[in-house]
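The values are calculated or read from the model by the stated rules, or taken from the named source; none is laboratory data. As the structure is a computational prediction, the values presented were derived from the model and not from experiment. Glycine gets a Cβ as well: all are built from the backbone with ideal geometry, and neighbour counts include every protein chain shown. In case anyone asks, the SASA skips ligands and DNA or RNA and just uses the protein heavy atoms, side chains included. Shrake-Rupley method; radii C 1.70, N 1.55, O 1.52, S 1.80 Å.
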Amino acid sequence: LHARYVLQLLCETRRFLKMMPNISHLSTSYSKDITICGDLHGNLEDLLLIFYKNGLPSKQNCYVFNGDYVDRGKKSMEILIILFAFLLIYPNNLYLNRGNHEDYMMNLRYGFTKEVLKKYKV
């Protein structure tokens with residue numbers, strides 16, 4: 001995805017997240033499924049497999065992602081682009097929690113910063 005569109009997506013996502021409370025309270029019923037995922041660590045294939053097996057996020061198909069989206073794998077940026085896009089489309093049906101790898105120092109140490117600089121030359 002061209003850097004201009006990535007930046008636009010990041011700005012929209014930032015604006016949305018700033019309006020959100022620090023803690024989200026979720027409730028579900030026995031008749032409604034919710035998929036809880038964690039620790040993608042830049043493995044896009046894992047995210048695509050989750051969507052293949054459980055369906056894409058939608059009003060009928062809720063997801064909670066418990067952080068650690070980036071670092072280690074080679075497709076962290078693609079994961080964030082997909083998750084941020086779904087977050088903006090289905091803000092009441094997709095929830096993103098922050099993990100310890102969504103931290104500046106962790107990104108420097110485990111590779112996300114290098115990935116961004118390589119894909120979007122600074």
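For region 61-90, the set of residues classified as farther than 16 Å from residue 39 by Cα and at pLDDT below 95 consists of 61, 62, listed by residue number. For region 1-29, the tally of residues that are farther than 15 Å from residue 90 by Cβ, more than 14 Å from the chain's Cα centre (by Cα) and touching a residue at least 60 places away in the same chain (Cβ under 8 Å) stands at 2. Identify all residues within region 29-53 that are exposed (fewer than 11 other Cβ atoms within 10 Å of the Cβ) and of a type in the set (Phe, Trp, Tyr); write none if there are none. Those that are exposed (fewer than 11 other Cβ atoms within 10 Å of the Cβ) and of a type in the set (Phe, Trp, Tyr): 30, 52. Residue count for region 54-65 under the criterion of being open to solvent by 10 Å² or more (accessible area, probe 1.4 Å) and hydroxyl-bearing (Ser, Thr, Tyr): the result is 1.
Yes/no per residue for (1) over 26 Å from residue 115 (Cα atoms); (2) part of a helix (DSSP H, G or I); (3) among the hydrophobic types (A, V, I, L, M, F, W, C):
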| site | (1), (2), (3) |
| --- | --- |
| 8 | no, yes, no |
| 13 | no, yes, no |
| 21 | yes, no, no |
| 35 | yes, no, no |
| 39 | no, no, no |
| 53 | yes, yes, no |
| 68 | no, no, no |
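Inside region 66-122, residues that are in contact with a strand residue (DSSP E or B) (Cβ under 9 Å, 6 or more places away or on another chain), in contact (Cβ under 8 Å) with a residue 60 or more places away in the chain and of a type in the set (Phe, Trp, Tyr) make up a count of 2.
For region 92-122, enumerate the residues that are in a loop (DSSP other than H, G, I, E, B) and either of a type outside the set (Asp, Glu) or surrounded by fewer than 13 Cβ atoms within 10 Å (Cβ to Cβ) (or both).
In the first step, residues of region 92-122 are kept if they are in a loop (DSSP other than H, G, I, E, B); the result is 92-93, 97-103, 111, 120-122.
Answer for region 92-122, where residues must be in a loop (DSSP other than H, G, I, E, B) and either of a type outside the set (Asp, Glu) or surrounded by fewer than 13 Cβ atoms within 10 Å (Cβ to Cβ) (or both): 92, 93, 97, 98, 99, 100, 101, 111, 120, 121, 122.
Residues in region 66-91 that are within 9 Å of the chain's Cα centre (by Cα), open to solvent by 10 Å² or more (accessible area, probe 1.4 Å) and over 15 Å from residue 46 (Cβ atoms): 81, 84, 85, 86. With respect to the conditions (1) over 26 Å from residue 120 (Cβ atoms); (2) crowded, with 18+ Cβ neighbours inside 10 Å, residue 26 falls short on a single one, namely (2).
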